Amino acid sequence: MSPDGLLIAGTLLARRRMHQRDRWSRDRMLEFQGVELDRLLAYARTSSPYYQQVLPGAAHVPLTDLPVLTKSMLMDQWDRICTSPALRLAQVEGRLSEMERTGADPGHPWRGRWWLAGTGGTTGRRAVFAWDRREWTQILTSYARVNDWAGVAVGLRHPLRTAVVSSLNPTHQSAVVGASLRSRLVPALRLDARTPVADLTGELDRFEPRLLVAYASMIGPLAQAQLTGQLHIRPEKVVAASEVLTPASRSAAQAAWGPSVIVDSYAATETASIASTCSQGGWHLYEDFVIVEPVDEDYQPVPAGATADRVLVSVLFSRTLPLIRYELTDSIRLSPERCTCGLPFALLEAVEGRTEDTITLPGRHSSVRVHPNVFHNALEALAPNGWQVEQQPNKLVVRLVAPAGGTELVRRRVQEALADLTIDPVAVDVVSVTALERTRLGKVPLVKALPA
């Protein structure tokens, strides 16, 4: 499909405005943020049946006094939260299922109007989202900032050859973004993170990416392949996405491609980009796109320098599905310091609790690392209410919350997925539970490997 010229033109215009905000003072940026929040609240009050009921009628109510929206509440109240009478949850979920089944082009807006995506279910339950053209333009612009701050030039003379090692599922936001931007300016190679690294190296070598974007859990193995002579690429930057990059993987990447090659990125399907690193290495929040509130288990504010149990986000550009104080079960820590780069945005010190363990199992010829995506693809449709895989000695235990179908089907799907990776037969116990146990930080680790 040819690129959407209007979408790309709109993104370039929005990007220019975004660059101007990078040069603002912090006071001006906070003023802009306040105006955008007021617009979001006013729109939600007048256009969403749900928010008409739960938001106070008076204007300028402090954000901290507004109700929290959890993922379960969002999915239970989706049709009432949505501001478009033309959209219904059942139809959106049906379209997402069709996209997965047919491999439809995710960059082509559904009904000529809506871009759709679902979460990866990394907190145990899948949520689905729809964005109109204006919102999708903002999402593309926020992702462009990651590259802009990293100093990666793009233009007709410098096409941004981008290799992405993540998910090929057309309902994942990264796939929708990539398909939307497909053009001569951004030639792209998308590879499946479930593929053994040895099978990725040839394609990467032939493509010669200037920018490598990969799940954080894939960066270490790719760096090791580079260090051992199996991979021969020279990316200008390597963006760690979707997961926490371990110190060992960071060190391997720096040894493979240079000390300043890594770009840390924090994003979510619900928000698009939330933060990324600047030229000085500071991890800045995108406060002109998203308001971030670190809170404890009781949703009380947590000061900078302290670790929060979860985070509440208000997505300033959201209109189709307004997200106001929406809960992400991520544990983060803000920094009380200011960065020397001059950007007006607060610093993020750490994102904790997002790491999904990568299980290693014996294979026919050697040990095989099983990427979490293997379990995502096998279980999400069968366990939309939540799932967890725990590695125990000599077996895997799969816990499901209200599974859609019998446990035998789940066992077979997991075993088939593992067999595709040439893993030796492994026992799989499937257990139906009422809820998944949370950690002290409020997280549900979906994949729990045996301790090293």
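Any read-out appearing in this document is the output of simple, stated calculations on the displayed coordinates, not a laboratory observation. Just so it is clear, the structure is predicted and the values come from calculations on it, not from any experiment. Cβ placement follows ideal geometry from the backbone for every residue including glycine, while neighbour counts extend to all protein chains displayed.
Overview of results
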{"item": "Gln280-Glu408 FRET efficiency (beta carbon distance; Förster radius 45 Å; 0.05 resolution)", "result": "0.25"}
{"item": "Net charge of neighbours whose Cβ lies under 14 Å from the Cβ of Ala144, counting Lys and Arg as +1 and Asp and Glu as -1", "result": "+3"}
{"item": "Cα centroid separation - the stretch 96-114 against the stretch 218-235, whole Å", "result": "34 Å"}
{"item": "Highest to lowest packing among 16-24, 175-183, scored as the average C-beta count within 10 Å", "result": "175-183, 16-24"}
{"item": "Which labelled figure in (i) 0.94; (ii) 1.05; (iii) 1.03 is Rg/Rh (Cα atoms, Kirkwood Rh), once derived from the coordinates", "result": "(i)"}
{"item": "Residue order, fewest to most surrounding Cβ atoms within 10 angstrom, among Leu334, Leu168", "result": "Leu168, Leu334"}
{"item": "In sequence order, calculated HN-Hα J values of the stretch 412-421 (Karplus, 6.51, -1.76, 1.60; Hz; x Gly/Pro)", "result": "5, 5, 5, 5, 5, 5, 6, 4, 4, 9"}
{"item": "Amide proton proximity set for Val68, modelled H, under 5 Å, gap of 5+", "result": "none"}
{"item": "Aspartates and glutamates whose Cα lies under 13 Å from that of Lys395, excluding same-chain neighbours fewer than 8 positions away", "result": "Asp424, Asp429"}
{"item": "Estimated distance in nm for a label pair at Tyr299 and Asp65, the labels positioned 7 Å out from Cα along Cα-to-Cβ", "result": "1.5 nm"}
{"item": "Asp132 paired with Arg88, simple spin-label distance in nm, labels 7 Å along Cα-to-beta-carbon", "result": "2.1 nm"}
{"item": "Nonlocal amide H pairs with Ile359, under 5 Å, H built at 1.01 Å", "result": "Val370"}
{"item": "Fewest-first sequence of Met218, Met75 by Cβ atoms within 10 Å of each Cβ", "result": "Met75, Met218"}
{"item": "Under-5 Å amide H pairs with Val428, H placed in peptide plane, nonlocal only", "result": "Leu396"}
{"item": "Calculated from backbone phi, Karplus (6.51, -1.76, 1.60) coupling profile of the stretch 43-57 in Hz, x at Gly/Pro", "result": "5, 5, 4, 8, 10, 10, x, 5, 6, 4, 7, 9, 8, x, x"}
{"item": "Dipole of the chain, positive end: most advanced residue of Thr137, Val389, Val313 [Cβ charges, Cα centre]", "result": "Thr137"}
